[in-house]
Amino acid sequence: MKKKSIFTQKCVVIAVFFFITACSKNDYNLASQAQDKNANSLKTAENAHQNLTFNNGDTLLNVNYESGTLNSNITGIIATHASASDAAYMTGSPGTYAIAHKVNRTDSAYYSAGAYRSEADADNVTNARYLPGEERRYEFSVLLKDWESYTSPNPAFTDNIFQLKETAGSTIRLGVKRNTLYLWQQNDPQVELISDVMPYSNQWIDFRIDVKWAKDNTGYINYYVCLPGEYSYTLKQSFPNSITYNGTGTGGQHGYLKWGIYREAKATSAAPVTRIAYHDNIRVIQLPL
């Protein structure tokens with residue numbers, strides 16, 4: 001479990017009552033960060049990162065990496081399919097452990113499944129799969145480590161950091177293109193979530209996605225973000241009355257989640273050579289709460 005802030009310890013009763021809007025808090029000391037911005041900003045952000053508490057019986061998957069292992073001691077979690085020794089590795093220390101994914105787009109050891117990528121997935125965790133008619137909440141935290149800024153006029157490739165993927169159907173992706181974090185989903189090819197991620201490099205950003213998986217317009221999907229220094233999620237995009245599941249959901253077909261780095265840039269492109277992202281607190285929760 002990540003270290004709780006003083007504010008959280010004193011306000012636990014209020015936090016439980018207002019749980020639906022609570023998110024992990026990046027409550028590091030801003031004055032200290034300003035004094036030691038380069039050397040300690042990443043460690044400060046890691047130490048401030050926290051877990052959330054959920055009601056009993058709601059959580060279907062909880063990957064917090066506090067075991068210090070790449071699968072968080074959960075059978076079925078795959079850390080990466082890339083062969084490079086540092087394509088996936090642990091970062092942090094007890095209380096702040098997270099998984100790091102690294103991709104060098106010029107090295108074939110970071111190439112798998114037809115792309116330069118290093119991604120963890122929960123495809124083999126039955127509880128984390130989804131089918132039409134199910135209602136789920138997905139939460140995860142991301143730290144873009146030493147993120148290199150986009151430089152015009154270089155091609156604007158996307159670095160995907162999270163996916164909700166059907167085995168035979170569509171995929172929802174969150175990724176950084178130029179310096180903007182977008183989402184891509186069926187019939188909505190590019191929708192903004194964070195206009196500029198660069199001020200938050202080396203800091204934890206928390207995400208929440210609430211969705212009802214449906215093959216007709218009875219579905220919905222809502223995207224929330226909690227930026228560093230904020231204490232609640234903000235609804236960024238909402239898609240009511242939507243088709244959210246496009247496969248049949250039969251014959252073993254299903255949806256699952258992936259997190260890490262999936263690069264659309266090719267080896268010969270002008271994009272940054274290496275990208276690294278940390279992920280933590282990956283949760284799947286059954287709705288409604």
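Every read-out reported here was derived from the displayed coordinates using simple, explicitly stated rules and does not represent laboratory data. Fair warning: this is a prediction, and the values are worked out from it, not measured in the lab. Here the Cβ is made from the backbone with ideal geometry for all residues, glycine too, and neighbour counts use every protein chain on show.
For the range 241-260, which residues satisfy the criterion of being over 22 Å from residue 77 (Cα atoms) and under 22 Å from the mean Cα position of the chain (by Cα)? Answer for the range 241-260, where residues must be over 22 Å from residue 77 (Cα atoms) and under 22 Å from the mean Cα position of the chain (by Cα): 244, 245.
Note on the range 247-281: residues that are among the basic types (Lys, Arg), surrounded by fewer than 22 Cβ atoms within 10 Å (Cβ to Cβ) and part of a strand (DSSP E or B) total 1.
The sole residue among 225, 191, 211, 284 that is surrounded by fewer than 17 Cβ atoms within 10 Å (Cβ to Cβ), part of a strand (DSSP E or B) and among the aliphatic types (A, V, I, L, M) is 191.
The residues of the range 139-154 that are without any contact (Cβ under 8 Å) to a residue 40 or more places away in the chain and either closer than 18 Å to residue 193 by Cβ or among the basic types (Lys, Arg) (or both) amount to a single one, 150. You will find that of 158, 171, 234, the residue that is touching an Asp or Glu at 6+ places or on another chain (Cβ under 8 Å) and hydroxyl-bearing (Ser, Thr, Tyr) is 158 and no other. Just name the residue that is farthest from the chain's Cα centre (by Cα) out of those in the range 146-164 that are among the charged types (D, E, K, R) and surrounded by fewer than 17 Cβ atoms within 10 Å (Cβ to Cβ). Ranking the candidates gives 148 first.
Restricting the search to the range 261-286, which residues are more than 19 Å from the chain's Cα centre (by Cα) and touching a residue at least 60 places away in the same chain (Cβ under 8 Å)? Within the range 261-286, 265, 266, 267, 269, 270, 271, 272, 273 meet the criteria.
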